[in-house]
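The values are calculated or read from the model by the stated rules, or taken from the named source; none is laboratory data. In this text the structure is predicted, and so the values were computed from the model without any measurement. Note that each Cβ is placed from the backbone with ideal geometry, even for glycine, and that neighbours are counted across all protein chains shown. Side chains are part of the model used for accessible areas, which takes the heavy atoms of the whole protein and leaves out ligands, DNA and RNA. Shrake-Rupley method; radii C 1.70, N 1.55, O 1.52, S 1.80 Å.
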Amino acid sequence: MTSRLQSRPESPSSSTSLRTTVWLLVAVLLVAANLRGGITSLGALLDGLDGLSAGTRSFLTSLPVLCFAVVGATGMTLARRLGVHRGIGVALGLLVAGLLVRAIGDPWLLLTGTFVACAGIALANVLLPAVVKEGFPNRVGAVTGAYSAIMSLGAAIAAGVTVPIAEAAGSWRVGLGVWALLAGLALLAWLPHLRDHGHRRGGATRVSLWREPVAWAVTVLFATQSLFAYVVMSWLPSIYADAGFDHATAGLLLAVSILVGVPVFFLAPSLAIRASSQGHLVAVLTALLAIGFAGLWLAPVAGAWVWAVLIGVGGAVFPVVLTLFSIRTATTAGTTALSSMGQSIGYLLAAGGPFVVGLLRESTGSWSVPIVLLLGIAVVQIFAGYVAGRPVVIGDRAED
């Protein structure tokens, strides 16, 4: 007798849905791999670019954060008009074009191309959390962790291999232009999702968040963690160099700080999803970051590697905030609105951080005052984390 307890064959519709979800995940990760490499690759080659004034070099270092603030504010409008998936397609198109233009070589084209590329990154920064919310509603933490880890890894790889590529090719233009290939690959991977999901207007409903205390707390939290991240990328090697390390070792310590954060970036969003409130997680990560900076102040040589590791782990507040964009909101439109508000205002608030830290270092002749300031900002971050981490849902009301 043939048993009736036979497994049912997978239906064509479920198989197609699985393949679509897998390919969407692959496309999301490819997009994430491009969201920092275009910036760190330029930073790695900046000192070797010919024909640039000191002012132009300084402007190039601040341009990404300013662009994230200004262009990121348009993400909600773009989502309402095109949908989040087509919005990502526009972002990738801008990124490819900008990376190609800036490799031509003229200083004005370098500035223009960098602005266009950063505009694409800014839009993708805002819209990607909404894609995750819509495409992976039951796996927000895992997918956010994966793409934020890939983002960090992409930044580290671009910083590390751009100079060798340029030297091997005998041209810095190749070192910069090669990253357009990775962006082009991401765009190709995204094309099927333009066709399949372009009709979804993830931001079609206008959502009001300006009177939501939790939304402002998320925005402040995004601002403080961004400030810490850009201070670390801008000044950590200089802190170590002033302590007596050679430049190669100082750069290696920065690389260690970035790379050690990759697995933590992957795990932190899942921990945030499981927690009833995310305030404790933000407080622990911020405390580790603060200990790292305090160590740099008090014993920069003796505990150099420990401080680099602690700062890298503490930077995982970033993927936690990305997760908050999704779990604090009920809809894709709400996620897009919170992501746009948090990133545009947050980056604007953070933009002056590296400049102020450098100014304080120059005026006082030591890192003591800048680090004390950063420790004070860490206290603000912990407070904002507890407010942002409250288990409430916002943005479910349409704007009048």
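Quick notes on this structure:
- With respect to (1) in contact with a strand residue (DSSP E or B) (Cβ under 9 Å, 6 or more places away or on another chain); (2) of a type in the set (A, V, I, L, M); (3) open to solvent by less than 10 Å² (accessible area, probe 1.4 Å), the lone exception for M76 is condition (3).
- Test: residue in segment 384-394 that is under 21 Å from F293 (Cα atoms) and assigned to a helix (DSSP H, G or I): yes
- Meets criteria (open to solvent by 10 Å² or more (accessible area, probe 1.4 Å) and part of a helix (DSSP H, G or I)) for A142: yes
- Any hit, segment 294-307, residues being over 26 Å from L123 (Cβ atoms) and touching an Asp or Glu at 6+ places or on another chain (Cβ under 9 Å): yes
- For first residues located in segment 349-377 and among the hydroxyl-bearing types (S, T, Y), partners that are open to solvent by 50 Å² or more (accessible area, probe 1.4 Å) and lie 6+ apart or on another chain with Cβ distances below 7 Å form the pairs S368/W297.
- Among the residues making up segment 147-180, those that are β-branched (V, I, T), within 25 Å of P237 (Cα to Cα) and open to solvent by 20 Å² or more (accessible area, probe 1.4 Å) are I150, I157, V161, V163, I165.
- Meets criteria (among the β-branched types (V, I, T) and open to solvent by less than 60 Å² (accessible area, probe 1.4 Å)) for T364: no
- Any hit, segment 233-249, residues being part of a helix (DSSP H, G or I), of a type in the set (A, V, I, L, M), open to solvent by 40 Å² or more (accessible area, probe 1.4 Å) and at pLDDT 90 or above: no
- Restricting attention to segment 87-118, the residues that are in contact (Cβ under 8 Å) with a residue 24 or more places away in the chain, open to solvent by 10 Å² or more (accessible area, probe 1.4 Å) and under 15 Å from V174 (Cα atoms) total 5.
- Cβ-Cβ contacts under 8 Å between residues 6 or more apart (or on different chains), taken from a first residue in segment 64-86 that is over 22 Å from A27 (Cβ atoms) and small (G, A, S) to a second residue that is outside any helix (DSSP H, G or I) and open to solvent by less than 10 Å² (accessible area, probe 1.4 Å), are absent.
- Helices (runs of 4 or more DSSP H) wholly inside segment 34-124 that include at least 1 residues being within 21 Å of V178 (Cβ to Cβ) and under 19 Å from the mean Cα position of the chain (by Cα): 37-45, 54-72, 84-102
- Apart from one condition, V84 fits all of (1) in contact with a Gly (Cβ under 6 Å, 6 or more places away or on another chain); (2) open to solvent by 10 Å² or more (accessible area, probe 1.4 Å); the exception is (2).
- Hey, T331 within 21 Å of P213 (Cα to Cα) and crowded, with 20+ Cβ neighbours inside 10 Å or not: no
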